[in-house]
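Some notes on the structure that comes next.
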Amino acid sequence: MEIILKQTIPNLGYKDDLVTVKDGYGRNYLIPKGMAILATTSAKKMREETLRQRSHKEQRVLDEANAVAAQLVKAEIRVGAKVGESGKIFGSVNTVQLAEALQIAGLEIDRKTIVIKNEPIKEVGTYEAEVVLHRDVKQIITFEVIEE
C-alpha cells in the first residue's frame, strides 16, 4: 500500500514522503491516527505541487540547519548529574537533560531530535549523541557528564 506521510515518523520517513507499507499498518494505524493519507492519483498531484512550492524555502531551511550544526561542533556541553560514592549516577542521563544543557549553551534543540548513542548513561564520562537537524543534516556531538 502506498501512502503519503503527513508527519515525520522515525524509521519510516519524513513529512510528505511517498512510502510503501503493509496494508494493515497503513489502514489500521497510520491513516486512522492522521499520520498518513492514501496515495491516490489526486493526492500524489497535490503532494508534487506542495513539494514544488516548498522547494524555494527548503534551501533556506537547509542553510539554517548547517549553521546550527556548525555551532554544535564548537559548543562545549556538560550535563550535571548526582553521583554516588562509587562514581555511578543516580538514575541515568537522557535526552531531556541533554536538551537542557544545549539550551544553557545557547542552542535551542528539540529533545526528540536527539539520539544518545550507547544509552543508558549511568557513569561520569564523555559520550556521543546524534542530533537530526534536517533530513540531510545530522550532527554527531560529544558531551561530558560531570558530577553536580
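VAL132 meets the stated requirement of being surrounded by 13 or more Cβ atoms within 10 Å (Cβ to Cβ) and in contact with a strand residue (DSSP E or B) (Cβ under 8 Å, 6 or more places away or on another chain). Restricted to region 77-108, and to residues there that are part of a strand (DSSP E or B) and touching a Leu at 6+ places or on another chain (Cβ under 8 Å), the residue that is nearest to ILE141 (Cα to Cα) is ILE77. You will find that of GLY87, GLY34, GLY106, the residue that is touching a residue at least 24 places away in the same chain (Cβ under 8 Å), touching a helix residue (DSSP H, G or I) at 6+ places or on another chain (Cβ under 9 Å) and of a type in the set (Gly, Ala, Ser) is GLY106 and no other.
Would you confirm, using the coordinates I've provided, whether GLU100 is of a type outside the set (S, T, N, Q), at pLDDT 85 or above and over 21 Å from ASP17 (Cα atoms)? Yes, satisfied.
If the condition is being within 21 Å of TYR14 (Cβ to Cβ), in contact (Cβ under 8 Å) with a residue 12 or more places away in the chain and in a loop (DSSP other than H, G, I, E, B), then region 109-133 contributes only ILE109.
Those residues that are touching a residue at least 24 places away in the same chain (Cβ under 8 Å) and in a loop (DSSP other than H, G, I, E, B), I need them from region 9-31; list them, please. Selection gives TYR14, ASP16, ILE31. What do you reckon, is SER55 in the same structural domain as ASN11 (by TED's automatic domain parsing), among the small types (Gly, Ala, Ser) and exposed (fewer than 13 other Cβ atoms within 10 Å of the Cβ)? Answer is yes for this residue. Screening VAL68, VAL61, VAL93, VAL83 for residues that are touching an Asp or Glu at 6+ places or on another chain (Cβ under 8 Å) and surrounded by 11 or more Cβ atoms within 10 Å (Cβ to Cβ) leaves exactly one candidate, VAL83. Residues in region 134-144 that are hydrophobic (A, V, I, L, M, F, W, C) and either in contact (Cβ under 8 Å) with a residue 40 or more places away in the chain or not assigned by TED's automatic domain parsing to the domain that holds ILE77 (or both): VAL137, ILE141, PHE143.
The values are calculated or read from the model by the stated rules, or taken from the named source; none is laboratory data. Small disclaimer: the values here were computed from a predicted structure and weren't measured. Because the Cβ atoms are built from the backbone with ideal geometry, glycine has one as well, and the counts that use them run over all protein chains shown.
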